[in-house]
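Heads up, the thing below is written out as structure tokens.
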Amino acid sequence: MSALFEYIIRLGDDSLILGHRMSEWCGHGPILEEDIAMTNIALDLVGQATSLLNYAGDVEGNGRDGDKLAFLRYDREYKNTLLVEQPNGDFGTTIMRQFLFDAYRKPLFEKLQNSADKQLSAIAEKSLKETKYHLKHSAEWVIRLGDGTEESHQRIQESLNTLWRYSSELFYTDEVDAELLSQGIITDIAEVRAEWEVTVKNVFEEATLHIPTNNWKQEGGRKGMHSENMGFILAELQYMQRAYPNMEW
Amino acid sequence: MSKKEWPLWEIFIRSKAGLNHKHVGSLRAADAEMAVENGRDVYTRRSEGISIWAVESKDVYASDPTEADSLFEPSDSKVYRHPTFYDVPDGISHM
């Protein structure tokens with residue numbers, strides 16, 4: 001399995017699983033306007049997943065397309081971070097999960113625009129526009145809730161306390177990254193992390209939120225080791241293709 | 001939990017450069033910035049626009065519906081205000 005395939009799968013699975021999580025809000029948003037905003041974000045992410053997984057299929061060259069990769073793999077073959085598979089919780093938890101992710105995705109796509117891989121650079125350029133808006137949306141909500149009422153502040157601080165342990169996996173690297181780095185396809189993740197840290201620090205400061213001092217971290221998704229949430233997500237995501245193989249609509 | 005509703009905003013969209021902003025509907029938002037973002041999410045999902053105005057509904061001063069007779073009916077009988085009494089010369093298009 002090539003490093004490029006593996007890398008695109010990681011990106012694509014983050015988009016796919018987070019997009020699925022966001023789509024769970026459809027019809028359940030706190031207000032109609034926000035319901036539509038979250039559904040838009042879900043659709044953007046699923047669109048990114050489509051581009052990425054289709055490309056991964058091309059790179060692999062075994063006749064699998066984006067649909068096959070999305071709907072017909074087993075849980076250990078999904079390489080999304082643990083962060084994006086975490087349950088939606090309340091609105092603030094969803095927003096916090098999204099913010100931690102968007103703050104990482106924006107600088108990542110900015111760097112990938114200059115990738116030596118033309119297709120990856122094109123996908124990054126298109127996705128960046130969407131991601132900038134996602135970040136604006138999630139950051140503003142973190143600030144509103146954090147610097148809002150006593151209850152909203154307390155609840156989103158709790159969300160941060162819960163989700164913080166999953167944030168470091170966004171910057172996970174292994175031999176896959178090392179190989180692509182040497183080929184000029186990706187840049188050093190440390191640059192992305194530095195920007196993420198600045199964004200996170202500034203937004204939390206404005207939101208009067210405190211970064212947890214407990215630095216215990218949880219990782220595994222990038223290696224296919226998922227939390228118990230993953231099985232439930234895949235059961236829903238894959239039901240149609242498993243029950244009615246090859247169906248199209 | 002507070003039951004207070006967010007203020008209502010009127011949303012105007014410019015569909016392309018050179019055209020005027022048109023009223024497309026109204027929505028709820030906590031402040032002007034959120035109103036523009038919600039306008040983007042609610043009313044431009046199918047590439048309807050390139051610019052958004054948001055005006056808080058309470059700032060719109062409207063005509064009184066009960067005065068419609070005196071405000072609008074008088075113009076119904078003044079067809080000469082429409083430029084329909086001119087002969088358009090041959091060769092003039094887009095009229």
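The values are calculated or read from the model by the stated rules, or taken from the named source; none is laboratory data. These figures come from a predicted structure and were not determined experimentally. All Cβ positions, glycine included, derive from the backbone under ideal geometry; neighbour counts span all protein chains shown.
For region B:43-70, how many residues are part of a helix (DSSP H, G or I), within 16 Å of the chain's Cα centre (by Cα) and either within 14 Å of chain A (Cβ to nearest Cβ) or free of Cβ contacts under 8 Å to residues at least 12 places away in the same chain (or both)?
Matching residues across region B:43-70 total 2.
Looking at region B:29-39, which of the residues that are within 17 Å of A:Ile36 (Cα to Cα) and more than 8 Å from chain A (Cβ to nearest Cβ) is surrounded by the fewest Cβ atoms within 10 Å (Cβ to Cβ)?
B:Val36
Among the numbered criteria (1) away from chain A (no Cβ under 14 Å); (2) outside any helix (DSSP H, G or I), which one does B:Ser26 miss?
(1)
Starting from residues that are buried (at least 20 other Cβ atoms within 10 Å of the Cβ) and out of contact with any helix residue (DSSP H, G or I) (no Cβ under 6 Å at 6 or more places or on another chain), keep the ones in region A:11-34 and report whichever is modelled with the lowest pLDDT.
If we take residues in region A:11-34 being buried (at least 20 other Cβ atoms within 10 Å of the Cβ) and out of contact with any helix residue (DSSP H, G or I) (no Cβ under 6 Å at 6 or more places or on another chain), then A:Glu34 is modelled with the lowest pLDDT.
Scan region A:35-49 residue by residue and report those that are surrounded by fewer than 21 Cβ atoms within 10 Å (Cβ to Cβ) and either out of contact with any helix residue (DSSP H, G or I) (no Cβ under 6 Å at 6 or more places or on another chain) or under 23 Å from A:Glu169 (Cα atoms) (or both).
Matches in region A:35-49: A:Asp35, A:Thr39, A:Ala42, A:Leu43, A:Asp44, A:Val46, A:Gly47.
So how many residues does region A:205-230 have that are small (Gly, Ala, Ser), within 15 Å of A:Met96 (Cβ to Cβ) and part of a helix (DSSP H, G or I)?
The number of residues fulfilling the criteria is 0.
Which residue out of A:Thr131, A:Thr149 is more than 14 Å from every other protein chain (Cβ to nearest Cβ) and polar (S, T, N, Q)?
One residue alone meets the criteria, A:Thr131.
Does B:Glu10 qualify as being closer than 24 Å to A:Pro30 by Cβ and within 11 Å of chain A (Cβ to nearest Cβ)?
When the stated conditions are applied, B:Glu10 does not pass them.
Looking only at region B:1-28, which residues are farther than 17 Å from A:Leu32 by Cβ, hydrophobic (A, V, I, L, M, F, W, C) and surrounded by 14 or more Cβ atoms within 10 Å (Cβ to Cβ)?
Answer for region B:1-28, where residues must be farther than 17 Å from A:Leu32 by Cβ, hydrophobic (A, V, I, L, M, F, W, C) and surrounded by 14 or more Cβ atoms within 10 Å (Cβ to Cβ): B:Phe12, B:Ile13.
If I ask for residues that are surrounded by 15 or more Cβ atoms within 10 Å (Cβ to Cβ) and either in contact (Cβ under 8 Å) with a residue 40 or more places away in the chain or closer than 16 Å to A:Asp90 by Cβ (or both), which ones from region A:172-188 would you list?
Residues satisfying the conditions are A:Tyr172, A:Val176, A:Asp177, A:Glu179, A:Leu180, A:Ile185, A:Ile186, A:Thr187.
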